[in-house]
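See below for the structure under consideration.
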Amino acid sequence: MRKAIVIDDSRTIRRILAATLGELGFEVCQAENGRAALTTIVEARNADPISLALVDWNMPEMNGLEFVRALRADPRNAGMVVVMVTTETAVDQMVTALDAGANEYVMKPFTKDVIQDKLRLLGVLE
């Protein structure tokens, strides 16, 4: 089973995204900030690697942009698909996230269909 991580400081958003990904066939783990997510990704690397991350921008300790930059700094994470799921709607922020290594960008509020469409666009879903 493909494995994904949902990274958001909102428990509610994590649950919604985890349920959506679960319905799409993913085993899902969760983290409340980028630092915790990086630890989870490293721990899963050898046994059952995580192939998809849905990450919020605004979080304590390590925000989503810092997470994407740290993730992409390690070449072992090059194949991981990263989707920013955030309330940040400015075009310059979207460009910044994509330049940092995010593969796609979803603005909150979102629907299951939007998540599904983005994952299809990225080749994660058929």
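All of the numbers you see were taken from the coordinates with simple rules; none came from a lab. This one's a predicted model, so the numbers in the text were calculated from it and none came from an experiment. Positions of Cβ are generated from backbone atoms using ideal geometry, with glycine treated the same way; all protein chains shown enter the neighbour counts.
Things to note:
- Mean ellipticity per residue at 222 nm, deg cm²/dmol - from DSSP H runs of n ≥ 4 across the chain, formula -39500 (n - 2.57): -13000 deg cm²/dmol
- When only the Cβ of Lys, Arg, Asp and Glu is charged (+1, +1, -1, -1), the dipole of the chain relative to its Cα centre reaches about 220 debye.
- Close amide-amide hydrogen proximity is noted between V81 and L52, A53, each under 5 Å apart and 5 or more residues distant or on a separate chain (H modeled in the peptide plane; Pro and chain starts excluded).
- For the listed peptides 8-14, 97-103, a ranking on the average number of other beta carbons within 10 Å per residue, highest first, reads 97-103, 8-14.
- 3J(HN,Hα) along segment 51-64: 10, 9, 10, 10, 10, 7, 7, 8, 8, x, 6, 9, 6, x Hz, from the Karplus curve 6.51 cos²θ - 1.76 cosθ + 1.60 with θ = phi - 60°, whole Hz, x for Gly and Pro.
- Base-10 log of normalised Debye intensity for segment 2-120 (one unit scatterer per alpha-carbon) at q = 0.12, 0.15, 0.21, 0.23 Å⁻¹: -0.36, -0.57, -1.22, -1.51
- Database remark: amide H of R2 closer than 5 angstrom to the amide H of E27 (H placed geometrically; neighbours at sequence offset of 5 or more, or on other chains; Pro and chain starts carry no H).
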